[in-house]
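Colleague: One structure, pasted below without further comment.
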Amino acid sequence: MSRVINFSAGPAVLPESVLRQAADEMLDWHGSGMSVMEMSHRGKEFIAIHAEAEALLRELLAIPANYKVLFMQGGAIGENAIVPMNLLRGKASADYIHTGEWSKKSIAEAKKYAKVNVAASAEASRFTSVPARETWQLDPDAAYVHICANETIGGVEYHFTPDTGAVPLVADMSSNILSRPVDVSKYGLIYGGAQKNIGPAGLTIVIVRDDLIGQAHPFTPSAFDYKQQADNDSMLNTPPTYAVYIAGLVFRWIKARGGLAAMAEHNRVKAKILYDYLDRSAFYSNPVARADRSLMNVPFRLKDEALDDAFLKGAQARGMVQLKGHRSVGGMRASIYNAMPVEGVQALVDYMKEFEAQHG
Ligand SMILES: *Cc1c(COP(=O)(O)O)cnc(C)c1O
């Protein structure tokens with residue numbers, strides 16, 4: 001068996017040891033005589049799996065006791081609607097920061113439910129930076145301020161936590177959750193789909209401060225009402241049980257590797273190898289402002305896009321897959337989430353050097 005070096009933006013690479021354990025436990029989880037997929041979500045086995053996953057996530061992120069952890073469905077795109085339904089709390093408007101493709105989607109969706117104030121936009125930099133906090137035109141009466149903590153397509157990441165005063169900060173962390181420590185107490189709500197940096201698609205993580213829930217708009221579907229889900233331990237409807245189980249194994253893997261501080265260092269090392277090379281090379285380029293570069297998703301272009309196909313073919317021949325950039329922007333993109341080993345990034349840079357030597 002040979003596994004590829006997988007640079008997919010999501011669903012994405014998972015730790016091999018997690019996949020092996022899942023394979024070992026596939027037919028008979030811990031002597032239960034069942035696969036996790038076959039268990040009742042109300043049975044003691046799955047309730048234990050669910051509780052352990054939540055406890056580990058709380059431990060990894062040091063989530064304060066006054067926050068609920070919800071395991072939901074609908075993905076981050078679902079949350080684009082679910083957040084305003086739940087968090088407007090009778091207020092008319094919400095502030096959004098526009099940093100690229102994913103925040104653009106959040107803004108468009110929120111407009112169905114709320115008056116949206118785009119309090120800052122990186123459009124002038126063609127979405128290659130995070131607008132400086134001093135430039136944000138925040139409304140003190142806004143229900144919340146929404147940011148995309150890591151623009152998965154543009155490769156732009158917040159390396160600071162914006163102070164939004166008394167207005168709750170809401171962050172889409174789909175593509176950088178658990179990549180480094182986060183001070184959860186600075187946020188009103190954090191959400192993310194699991195399929196980038198946690199586990200299988202189908203699970204959506206929501207971390208929300210107690211006082212912000214319980215005032216959902218009456219039209220909010222019950223399955224998407226944070227209060228109802230919190231009151232039912234995220235089991236108002238059947239949760240994505242197998243995805244919760246795999247997420248729990250990934251949380252254990254992160255803990256065994258030293259937790260989020262160790263993950264942050266691992267991710268810094270990997271990103272530095274790639275960005276240092278991109279900056280030295282006249283053949284490849286990355287457009288993002290240095291201070292705002294993503295440690296998770298690294299878009300880059302070849303000097304001549306006519307070489308893109310040859311580059312991708314050569315990569316494929318070396319077992320490196322999913323390097324093609326998002327269809328909306330073209331070029332290349334290497335997603336280097338937690339589960340990407342340093343050796344994978346080194347192999348990519350070695351190949352890039354070889355390709356540059358041949359075609360530069
Ligand atoms: C992938 C992604 C999404 C979309 O997630 P879905 O699970 O497909 O709804 C939204 N926001 C960000 C930042 C993403 O990376």
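Colleague: For the range 308-324, what does the Karplus curve 6.51 cos²θ - 1.76 cosθ + 1.60, with θ = phi - 60°, yield as ³J(HN,Hα) per residue in whole Hz, taken in order and with x for Gly and Pro?
Modeller: With coefficients 6.51, -1.76 and 1.60, one gets 4, 5, 5, 4, 5, 5, x, 5, 4, 4, 9, x, 9, 10, 6, 8, 5 Hz.
Colleague: Right, here's the next one. Viscosity 1.567 mPa s, temperature 4 °C: what is the translational diffusion coefficient of the range 218-360 from Stokes-Einstein with a Kirkwood Rh over Cα pairs, rounded to a whole number of µm²/s?
Modeller: Here the translational diffusion coefficient equals 72 µm²/s.
Colleague: Let me ask something else about it. Which peptide among 108-119, 19-30 comes first, and what is the full order, when sorted by highest mean count of other Cβ atoms within 10 Å?
Modeller: 108-119, 19-30
Colleague: May I pose another question? To check my understanding: the extent here is largest minus smallest coordinate of the Cα atoms along each principal axis. What are those three numbers for the chain, in Å, largest first?
Modeller: Over the chain, Cα extents along the principal axes are 61, 57, 31 Å.
Colleague: Need the list of lysines near K272 for cross-linking: C-alpha distance under 17 angstrom, and skip anything on the same chain fewer than eight residues off.
Modeller: K353
Colleague: Only helical DSSP H runs with n ≥ 4 go in: add -39500 (n - 2.57) per run for the chain, normalise by residue count and round the 222 nm mean residue ellipticity to 500 deg cm²/dmol.
Modeller: Helices in the chain give a 222 nm mean residue ellipticity of -11000 deg cm²/dmol.
Colleague: Taking amide H positions as placed in the peptide plane 1.01 Å from N, state which residues far from A12 in sequence (5 or more) or on other chains have amide H under 5 Å from it.
Modeller: Answer set, sorted by chain and number: none.
Colleague: Mind checking the per residue accessible area of the chain for me, 1.4 Å probe, whole number of Å²?
Modeller: 43 Å²
Colleague: Can you return the aspartates and glutamates within cross-link range of K105? Criterion is Cα-Cα under 13 Å, with same-chain partners fewer than 8 residues away left out.
Modeller: Cα-Cα hits under 13 Å: E79, E151, D172.
Colleague: Tell me the label-point distance for the pair A124, Q137, using the 7 Å Cα-to-Cβ offset, in nm and rounded to one decimal.
Modeller: Those two pseudo-labels are separated by 1.2 nm.
Colleague: How many angstrom lie between the Cα centre of the range 149-187 and the Cα centre of the range 110-143?
Modeller: 14 Å
Colleague: What are the residues whose amide H is under 5 Å from the amide H of R293, where those residues sit 5 or more places off or on another chain and H is modelled from the backbone?
Modeller: It is E157, by chain and number.
Colleague: Considering amide H positions built from the backbone, and no H for Pro or chain starts, which residues 5 or more places from M34, or on another chain, come under 5 Å of its amide H?
Modeller: The answer is W29.
Colleague: Looking at the range 97-163, I'd like the Rg to Rh ratio, where Rg is from alpha-carbon atoms and Rh is Kirkwood's inverse mean 1/r. Please list the in-between numbers first.
Modeller: Values: Rg = 11.4 Å, Rh = 12.2 Å.
The Rg/Rh ratio comes out at 0.93.
Colleague: For the chain, give the percent of accessible area contributed by carbon and sulfur heavy atoms, probe 1.4 Å, rounded to a whole number. Show your work: numbers first, answer last.
Modeller: Details: 8020 of 15350 Å².
Percent of accessible area from carbon and sulfur atoms in the chain: 52.
Colleague: While we're on this one: How large is ³J(HN,Hα) for each residue in the range 263-268, as worked out from phi by the Karplus curve 6.51 cos²θ - 1.76 cosθ + 1.60 (θ = phi - 60°), to whole Hz, x for Gly and Pro?
Modeller: For the range 263-268, the Karplus-derived couplings read 4, 4, 5, 4, 6, 4 Hz, x marking Gly and Pro.
Colleague: Just for the chain, what percent of DSSP beta bridges are antiparallel, to the closest 5?
Modeller: Here the share of antiparallel DSSP bridges comes out near 55 percent.
Colleague: Give the lysines whose C-alpha is closer than 17 Å to that of K324, dropping any in the same chain fewer than 8 places away, or say none.
Modeller: Cross-link targets: K196, K303, K313.
Colleague: Heavy-atom accessible area of D233 with all protein chains present, probe 1.4 Å, nearest 10 Å²?
Modeller: 110 Å²
Colleague: Still on this structure, I have one more. What does the extension gain come out to for A262 and I47, with contour length at 0.36 nm per residue minus their alpha carbon separation? Before the final figure, lay out each step's value.
Modeller: On the way: separation 215, 0.36 × 215 = 77.40 nm, distance 2.93 nm.
Length gained between A262 and I47: 74.5 nm.
Colleague: Can I ask one more? Label I77 and V321 with points 7 Å out from Cα along Cα→Cβ: what is the distance between them in nm?
Modeller: 2.2 nm
Colleague: With just the Cα atoms defining each centre, how far is the range 197-224 from the range 344-360? Give it in Å.
Modeller: Result: 43 Å between the Cα centres.
Colleague: Which shape class applies to the range 112-242: rounded if a/c is under 1.5, otherwise prolate when a/b exceeds b/c and oblate if not, where a ≥ b ≥ c are the square roots of the Cα gyration tensor eigenvalues?
Modeller: Numbers: a/c = 1.97, a/b = 1.34, b/c = 1.47.
Verdict is oblate for the range 112-242.
Colleague: Provide the per-residue ³J(HN,Hα) series for the range 121-132, in order, calculated from phi with Karplus coefficients 6.51, -1.76, 1.60 and θ = phi - 60°, each as a whole number of Hz, with x at glycine and proline positions.
Modeller: Residue by residue, the range 121-132 yields 9, 9, 4, 4, 8, 6, 6, 10, 7, 9, x, 4 Hz.
The values are calculated or read from the model by the stated rules, or taken from the named source; none is laboratory data. Model, not experiment: these values are computed from the prediction. Using ideal geometry, Cβ is built from the backbone for each residue, glycine included, and neighbour counts are taken over all protein chains shown. Heavy atoms of the whole protein, side chains included, go into the accessibility calculation; ligands, DNA and RNA do not. Shrake-Rupley method; radii C 1.70, N 1.55, O 1.52, S 1.80 Å.
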